[in-house]
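Please read the structure below before turning to the comments.
The values are calculated or read from the model by the stated rules, or taken from the named source; none is laboratory data. Here the structure is a predicted model, which is why all the values come from computation and not from measurement. Quick reminder, even Gly has a Cβ in these numbers, built from the backbone with ideal geometry, and neighbours come from all protein chains shown.
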Amino acid sequence: MKFNLLLAAGLLAGSSLISASQAQDQINLTWQMWGDENDTALWQSLADLVTEEYPNITVTPQISGWTDYWTRLPVLASSGQIADLVAMQSMRMPSFYSVLEPLDPYFESDGFDTSVFESSIIAGLGHDGTQYALPYDVGPWMVYYNRDKFAEAGLGDPALDWTFDDFKAAANALTEGENYGYAVQAFDFVAGPVALGAEYFDDGNNFAVTNPGYSEAVGKFVDLVAVDHASPVFASGTGAITGSGRFASGNAAMYIDGPWVLLNTKDSVDFEIGVAPLPRGEGESRFITAGSGWGISATSQNKEAAYKALQVLTGPKAAEILASAGRALPGRLAEQSYWYDVAAQDVHRTHEVLAYMFDHSTPFRLNEYWNEFENLITQYMPLALNGDSTTDAVLTDIQNQLPF
Amino acid sequence: MTAIEDTAAPAPLIRSRHRSRLDRREGRAAFFFLLPGLIGMVLFLIVPIIASVVLSFTNWKLLGTPEFVGISNYVRLFTADPQFWPVVRNTLFFTAEYLVLNIVISLGLAVWISSLKMGQRWFRVIFFLPTFTPGIAVAIVWMLIFSPGGFFDYVMGALSVQVPSMLTDQTLAMQAVIIVSIWAGVGYNTVLFNAALDMVPQSYLEAARIDGATAWDRFWKIRLPLISPTLFFGTVMTAITSLQVFDQIYVMTRGGPGNATSTLGYAIYQRGFQNFQMGYASTIAWVMFAMIMALTAVQFWLQRKWVHYDN
């Protein structure tokens with residue numbers, strides 16, 4: 001009896017030691033990400049992939065809305081509550097380098113090769129030769145067009161290297177009364193001028209938006225609205241979202257956005273859509289790309305585990321899941337085909353257009369004041385579009401407020 | 001007699017000591033009951049206020065360590081920031097127009113409701129309903145109504161009225177914000193003033209009627225003076241909230257077009273949370289605080305001339 005008791009006590013102690021040791025190895029990571037309720041299951045399925053690969057690591061997504069995310073992130077970072085894994089958009093990177101752990105030492109430790117990703121987004125998530133995040137998606141801004149309306153107007157599909165004059169001619173031809181050929185949005189005054197060959201920075205990477213080349217290129221897009229009336233004016237409060245609504249309702253035949261909206265756009269229209277590169281200027285086509293990825297918080301207590309999780313979250317299986325759901329054109333080149341098979345299915349020439357655009361991509365030049373510049377564009381461009389001010393005056397106003 | 005006095009004399013002393021002990025015990029108990037509230041107030045009110053003062057003298061960018069920069073944020077605000085004075089002008093313009101419209105409309109509605117024989121409760125509820133609705137939701141719906149090609153433009157077009165699109169016009173954009181603010185905010189003062197009007201003794205009004213006072217006389221010389229303390233409260237609170245206007249601006253215009261609708265409340269958000277200039281945003285917040293204090297002080301000073309208290 002005594003022996004049995006001793007044996008039971010020993011087993012109990014042993015099992016508690018084992019479970020204590022397991023508990024010590026168990027690592028719980030938090031993962032800050034944006035999204036809506038529909039995305040929750042998708043992000044959770046990616047988090048589960050990490051646990052499948054590393055049973056002692058669990059990843060808990062903390063999802064917030066897009067706008068909230070960018071308000072919360074700096075507040076959480078400054079109060080030491082930032083998650084282990086942090087979602088980051090390439091355009092906002094310059095404000096957050098200090099929040100993220102440089103990944104290069106980790107790459108050196110396991111020989112990780114970043115060439116499996118699209119080079120433009122790898123550059124977009126790094127700075128001065130240091131990589132701060134790995135991408136999950138990538139894409140250039142491109143022209144979405146209503147193929148049915150193009151056909152009705154006797155217009156063929158735009159050429160890959162179509163010029164601004166071709167674009168303007170199509171916009172004018174497709175405009176009739178309150179039905180517009182094009183719906184301008186705030187970001188068009190960034191992606192559009194760059195495609196026309198203009199620069200908004202000087203050689204020192206400081207904003208110089210009053211330079212003649214940029215001013216002229218912006219003026220071309222402004223004239224489409226203010227002079228040709230081929231596009232409606234957007235309001236400063238809705239600058240980033242009106243184009244998609246007008247396009248979906250058939251009120252505008254063209255608008256500019258990235259591949260990240262392709263699946264939703266395709267599902268929300270009752271006509272055939274096509275995609276085309278942004279129009280070029282006098283010179284060669286050139287396009288900026290953006291995308292998002294995940295980095296490791298510089299203050300994380302579990303960086304090694306976070307790096308393992310990061311590799312899974314940006315790995316082939318995760319990219320396949322995201323691409324197959326149509327959620328993102330993967331930053332991983334090998335898995336992009338899944339996205340083309342799902343999101344881009346039945347959308348005319350998507351593969352060809354994106355391949356052309358990636359071949360002609362140019363670095364997206366950013367600095368820490370980028371966010372302010374984008375907000376000022378949204379706030380001030382309507383003045384030029386409705387004829388209250390000139391393009392030059394608006395750009396001077398914007399320049400005067402940078403880098404405040 | 002002496003014996004009675006001798007024996008009676010210590011009684012008040014004992015009661016006094018007993019009461020004093022009781023008071024101290026009650027005081028301690030009260031202190032412990034109030035302690036959570038006190039801690040909350042210190043942590044979430046006093047400390048942030050002090051922190052905000054300190055931050056206004058730093059260049060804190062939210063990420064990173066703040067550095068003391070003296071009064072340079074204040075100097076920059078008043079002398080170098082091209083947006084500051086237009087923003088102050090916009091804020092005062094919004095406050096003046098919104099305050100006058102809100103008080104006049106809400107008082108008019110309150111008088112109208114109190115004159116109704118039936119359905120007073122229903123109308124109070126109807127006008128108070130927007131006050132329940134979250135400001136952001138209200139602003140989103142109105143933004144869609146006023147946006148180019150939206151419902152408002154459709155109605156104007158159907159009526160063949162040539163009006164520029166409200167949110168893209170520099171003058172009309174602020175008017176759109178004021179319309180939305182009035183719609184959302186007028187109900188609170190309406191209910192407040194209506195309750196005050198109902199408290200006016202009917203005997204005063206009956207006596208005035210018998211003496212031949214007209215309806216306007218009864219309103220101007222009896223009802224209005226008697227509700228003036230409530231009117232004063234409503235005016236002060238409305239002025240304070242209108243100087244802090246943010247939700248409608250953030251959703252509907254983002255300060256635009258240009259800086260036509262940019263106000264101090266929005267500027268604080270923009271500098272602090274979009275541009276990560278938390279020190280500078282704190283400076284603007286203190287300027288806004290000073291403006292609110294000054295306006296409130298003026299209102300309190302002016303109240304002597306038009307507010308009538310019973311005492």
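Within the option set B:GLY234, B:GLY256, B:GLY279, being more than 25 Å from B:VAL186 (Cα to Cα) and either touching a strand residue (DSSP E or B) at 6+ places or on another chain (Cβ under 7 Å) or in contact (Cβ under 8 Å) with a residue 60 or more places away in the chain (or both) holds for one residue only, B:GLY279. Checking each residue in segment B:251-268 for being more than 8 Å from chain A (Cβ to nearest Cβ) and in a helix (DSSP H, G or I) picks out B:LEU264, B:GLY265, B:TYR266, B:ALA267, B:ILE268.
Among the conditions (1) at pLDDT below 95; (2) buried (at least 18 other Cβ atoms within 10 Å of the Cβ), the only one that A:MET254 does not satisfy is (1).
With respect to (1) within 11 Å of chain B (Cβ to nearest Cβ); (2) closer than 30 Å to A:TYR97 by Cα; (3) polar (S, T, N, Q); (4) surrounded by 15 or more Cβ atoms within 10 Å (Cβ to Cβ), the lone exception for A:SER361 is condition (1). I'd like to check something: does segment B:141-159 contain any residue that is of a type outside the set (S, T, N, Q), at positive phi and surrounded by fewer than 15 Cβ atoms within 10 Å (Cβ to Cβ)? Taking every residue of segment B:141-159 in turn, none turns out to be of a type outside the set (S, T, N, Q), at positive phi and surrounded by fewer than 15 Cβ atoms within 10 Å (Cβ to Cβ).
When A:SER115, A:SER120 are screened for being in contact (Cβ under 8 Å) with a residue 12 or more places away in the chain and assigned to a helix (DSSP H, G or I), only A:SER120 passes. Residue-level analysis places A:VAL218 outside the set of residues that are in contact with a Pro (Cβ under 9 Å, 6 or more places away or on another chain), within 14 Å of another protein chain (Cβ to nearest Cβ), among the β-branched types (Val, Ile, Thr) and not in a strand (DSSP E or B). The single condition among (1) closer than 20 Å to B:MET252 by Cβ; (2) part of a helix (DSSP H, G or I) that B:PRO164 does not meet is (2). Within segment A:245-260, identify whether any single residue is of a type in the set (A, V, I, L, M) and under 30 Å from A:GLN32 (Cβ atoms), and answer yes or no. Yes - at least one qualifying residue is present in segment A:245-260. In segment B:49-71, which residues are away from every other protein chain (no Cβ under 13 Å) and free of Cβ contacts under 8 Å to residues at least 60 places away in the same chain? Within segment B:49-71, B:ILE49, B:ILE50, B:VAL54, B:GLU67, B:PHE68, B:GLY70, B:ILE71 qualify.
On the stretch given as segment B:79-101, residues that are within 14 Å of chain A (Cβ to nearest Cβ), surrounded by 14 or more Cβ atoms within 10 Å (Cβ to Cβ) and either of a type in the set (Asp, Glu) or touching a helix residue (DSSP H, G or I) at 6+ places or on another chain (Cβ under 9 Å) (or both) total 5.
Does segment B:110-131 contain any residue that is among the β-branched types (Val, Ile, Thr) and within 14 Å of another protein chain (Cβ to nearest Cβ)? No, that holds for no residue. In segment A:115-128, the condition of being among the hydroxyl-bearing types (Ser, Thr, Tyr) and in contact with a Ser or Thr (Cβ under 6 Å, 6 or more places away or on another chain) is met by at least one residue.
Assess whether A:ALA384 counts as being within 14 Å of another protein chain (Cβ to nearest Cβ), in a helix (DSSP H, G or I) and either closer than 22 Å to A:TRP141 by Cα or in contact (Cβ under 8 Å) with a residue 40 or more places away in the chain (or both). Yes.
Every residue, every condition in (1) surrounded by 16 or more Cβ atoms within 10 Å (Cβ to Cβ); (2) at pLDDT 95 or above; (3) assigned to a loop (DSSP other than H, G, I, E, B); (4) not aliphatic (A, V, I, L, M), yes or no:
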site	(1), (2), (3), (4)
B:ARG24	no, no, no, yes
B:PHE32	no, no, no, yes
B:LEU38	no, no, no, no
B:ILE49	no, no, no, no
B:THR65	no, no, yes, yes
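Look at (1) buried (at least 20 other Cβ atoms within 10 Å of the Cβ); (2) at pLDDT 95 or above; (3) more than 14 Å from every other protein chain (Cβ to nearest Cβ) and you find that B:ALA176 fails only one, number (3).
Does A:ILE63 qualify as being under 28 Å from B:VAL251 (Cα atoms) and modelled with pLDDT of 90 or more?
Criteria met by A:ILE63.
A single entry from A:GLY204, A:GLY245 fulfils the requirement of being surrounded by fewer than 21 Cβ atoms within 10 Å (Cβ to Cβ), of a type outside the set (Lys, Arg) and within 12 Å of chain B (Cβ to nearest Cβ): A:GLY245.
Taking the criterion of being part of a helix (DSSP H, G or I) and either crowded, with 24+ Cβ neighbours inside 10 Å or within 13 Å of chain B (Cβ to nearest Cβ) (or both), the residues of segment A:223-236 that qualify are A:LEU224, A:VAL225, A:ALA226, A:SER236. I'd like the residue in segment B:135-159 that is assigned to a loop (DSSP other than H, G, I, E, B) and at pLDDT below 90 and, out of all such residues, is nearest to B:THR263 (Cα to Cα). For segment B:135-159, the residue satisfying everything is B:SER147. Being without any contact (Cβ under 8 Å) to a residue 60 or more places away in the chain and either within 30 Å of A:SER389 (Cα to Cα) or within 14 Å of chain A (Cβ to nearest Cβ) (or both) is a description that does not apply to B:ILE222. Could you run through segment A:75-104 and say how many residues are in a helix (DSSP H, G or I) and either modelled with pLDDT under 95 or within 13 Å of chain B (Cβ to nearest Cβ) (or both)? Result for segment A:75-104: 13.
For segment A:168-186, a tally of residues being out of contact with any Gly (no Cβ under 6 Å at 6 or more places or on another chain) and crowded, with 21+ Cβ neighbours inside 10 Å returns 5.
Taking the numbered list (1) in contact with a helix residue (DSSP H, G or I) (Cβ under 8 Å, 6 or more places away or on another chain); (2) of a type in the set (A, V, I, L, M, F, W, C); (3) assigned to a helix (DSSP H, G or I) in turn, A:ALA290 passes all entries but (3). How do the pairs read when you match residues in segment B:72-97 that are without any contact (Cβ under 8 Å) to a residue 40 or more places away in the chain and outside any helix (DSSP H, G or I) with residues anywhere that are surrounded by fewer than 16 Cβ atoms within 10 Å (Cβ to Cβ) and not hydroxyl-bearing (Ser, Thr, Tyr), using Cβ under 6 Å and keeping only pairs 6 or more apart or on different chains? Between residues of segment B:72-97 that are without any contact (Cβ under 8 Å) to a residue 40 or more places away in the chain and outside any helix (DSSP H, G or I) and residues that are surrounded by fewer than 16 Cβ atoms within 10 Å (Cβ to Cβ) and not hydroxyl-bearing (Ser, Thr, Tyr), the close pairs are B:PRO82/A:ASN400. Screening the candidates A:THR210, A:THR265 for the property of being away from chain B (no Cβ under 14 Å), part of a loop (DSSP other than H, G, I, E, B) and not basic (Lys, Arg) yields one hit, A:THR210. Under the condition of being part of a helix (DSSP H, G or I), among the polar types (S, T, N, Q) and more than 8 Å from every other protein chain (Cβ to nearest Cβ), the residues counted in segment A:387-404 number 3. Right, B:ASP211: over 25 Å from the mean Cα position of the chain (by Cα) and either within 14 Å of chain A (Cβ to nearest Cβ) or free of Cβ contacts under 8 Å to residues at least 40 places away in the same chain (or both) or not? It is true that B:ASP211 is over 25 Å from the mean Cα position of the chain (by Cα) and either within 14 Å of chain A (Cβ to nearest Cβ) or free of Cβ contacts under 8 Å to residues at least 40 places away in the same chain (or both).
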